[in-house]
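Colleague: Before we start, here is the structure in question, set down as structure tokens.
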Amino acid sequence: MSEEVLDELAVLSAIYCGEEEFQVVGESAETGLVYRINTVVESEEKKTPLSLVFQLSPEYPHTPPDVSISSNQLSRKQCQELRDGLLNKACSLQPRPMVHELVLWLQQNFSDLLTTSAPNTLKAQSTADGSAEGMWTALLHLDHMRSKTKYIRLIEKWTSELGLTGRLLMGKAIFILLQGERKSIKEYIHLQRTVKVDVDSSGKRCKEKMMSVLCEIPLSDDFKKISTFEVRDPLSSEELKKEFEEVGSLKLHQEFVSSLL
């Protein structure tokens, strides 16, 4: 673990120093660090206990932590909504030790997050309609990948956390095709540009400086909706074209991809 992660660990253990408030669950060089924070949220004269399990990868804080949330006073759906909100917040922060900030943010926004997820048929329909209106597609071009395995793992992690689907297409050139809510695509692009995702020629971790956004457009009826995010590697130029055709994005290939091959 880096010095800043160790410092954060010491601070957290000092802040959450009550009985069973803080516990290190696991630690290894391969999987990183896992710890549990038990806290209580007070809202509307009600106290709700929360158990937060943070999993910090070896790349943390350059990659946001994963988290699971449980409570004996909340439904599984409500816990999932809290988790989704917390993960989105984590992805919006600059790469720095952030666990305490996330816990405070969750406590401050607890009621709003639960109100947002309250079961209501009309509200659910409105949300679904809003999501449909907000569905976009984006095409990104990467110049190269030196640390290929770790780079791909990060891309898969981010798309999963942000609810994005699409394809990572690798051949003579590297393209990332994304579908999802526009705000999630924006957040992905922000992560791609600000987090140290690769290594330079000397082996030091570095940010992606040569990514280009080829297009960001609303997801129209001309495009098929992609249900998963998958990696395709290696691809010949003809196979690459076929991939775009199969997901209904041949127009993007014609306008943006063919000229880069």
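Taken together, the values in this text are just the output of simple stated rules run on the coordinates, not laboratory data. Only a predicted model underlies this, so the values are computations on that prediction, with no experimental measurement involved. Note that we place each Cβ from the backbone using ideal geometry, even for glycine, and neighbour counts take in every protein chain shown.
Colleague: Among Lys172, Lys157, Lys46, determine the one that fluctuates most according to a GNM of the chain built with springs between C-alpha atoms less than 10 Å apart.
Modeller: Lys46
Colleague: Label region 131-260 by shape, choosing from rounded, prolate and oblate, from the square roots a ≥ b ≥ c of the eigenvalues of the Cα gyration tensor; if a/c is under 1.5 it is rounded, and otherwise prolate applies when a/b is larger than b/c, oblate when it is not.
Modeller: Note, shape of region 131-260 comes out oblate.
Colleague: Here's something else I'd like to know. Tell me which label goes with the value of semi-axes √(5λ) of the Cα gyration tensor in Å computed from the coordinates here: (i) 37, 20, 15; (ii) 36, 25, 13; (iii) 27, 23, 16.
Modeller: Here the calculated entry is (ii).
Colleague: What full-extension length gain, to one decimal in nm, is calculated for Ala173 and Lys225 as 0.36 nm per residue of separation minus the Cα-Cα distance?
Modeller: So the extension gain works out to 16.4 nm.
Colleague: Can you work out ³J(HN,Hα) from phi for every residue in region 73-79, in order, using Karplus 6.51 cos²θ - 1.76 cosθ + 1.60 and θ = phi - 60°, giving whole Hz and x for Gly and Pro?
Modeller: Whole-Hz 3J(HN,Hα) from phi for region 73-79: 10, 10, 6, 4, 5, 5, 4.
Colleague: Still on this structure, I have one more. Taking other Cβ within 10 Å of each residue's Cβ, how do Glu20, Glu216, Glu81, Glu30 sort, fewest first?
Modeller: Listed from fewest to most nearby Cβ atoms, that is Glu30, Glu20, Glu216, Glu81.
Colleague: Given a Förster radius of 25 Å and the C-beta distance between Ser236 and Lys157 as r, what FRET efficiency does 1/(1 + (r/R0)^6) yield to the nearest 0.05?
Modeller: Efficiency at R0 = 25 Å is approximately 0.35.
Colleague: With a point put 7 Å past each Cα toward its Cβ, work out how far Thr194 is from Leu104 in nm, to one decimal.
Modeller: If labels sit at Thr194 and Leu104, their model points lie 1.8 nm apart.
Colleague: Another one. Please list, in order along region 87-103, the HN-Hα scalar couplings obtained from phi with the Karplus expression 6.51 cos²θ - 1.76 cosθ + 1.60 (θ = phi - 60°), rounded to whole Hz, x for Gly and Pro.
Modeller: Result, rounded to whole Hz: 5, 4, 5, 4, 5, 8, 8, 5, x, 8, x, 9, 4, 4, 4, 5, 5.
Colleague: Label-point separation (nm) for Ser212 and Lys186, each offset 7 Å from Cα along Cα-to-Cβ?
Modeller: If labels sit at Ser212 and Lys186, their model points lie 2.4 nm apart.
Colleague: Another question about this same structure. Can you pull the Kirkwood radius for region 3-119, inverse mean 1/r over Cα pairs, to one decimal in Å?
Modeller: 14.7 Å
Colleague: Taking the beta-carbon count within 10 Å as an exposure proxy, list Arg153, Arg76, Arg167 from fewest neighbours to most.
Modeller: Ordered from fewest to most neighbouring Cβ atoms within 10 Å, Arg153, Arg76, Arg167 come out as Arg76, Arg153, Arg167.
Colleague: Name the residue from Ser237, Leu86, Thr159 whose Cα lies farthest towards the positive end of the charge dipole of the chain, charges +1 on Cβ of Lys and Arg and -1 on Cβ of Asp and Glu.
Modeller: Checked the options; the winner is Ser237.
Colleague: Distance from a point 7 Å along Cα→Cβ of Glu42 to each backbone N in region 7-29: keep the residues under 19 Å and list them by number.
Modeller: Flagged as within label range: 15-19, 21.
Colleague: I would also like to ask the following. Could you put Cys215, Cys79 in order, starting from the residue whose Cβ has the fewest other Cβ atoms within 10 Å?
Modeller: Listed from fewest to most nearby Cβ atoms, that is Cys215, Cys79.
Colleague: With the crude spin-label approximation of a point 7 Å out along Cα→Cβ, what separation in nm comes out for Ser51 versus Lys204?
Modeller: 4.3 nm
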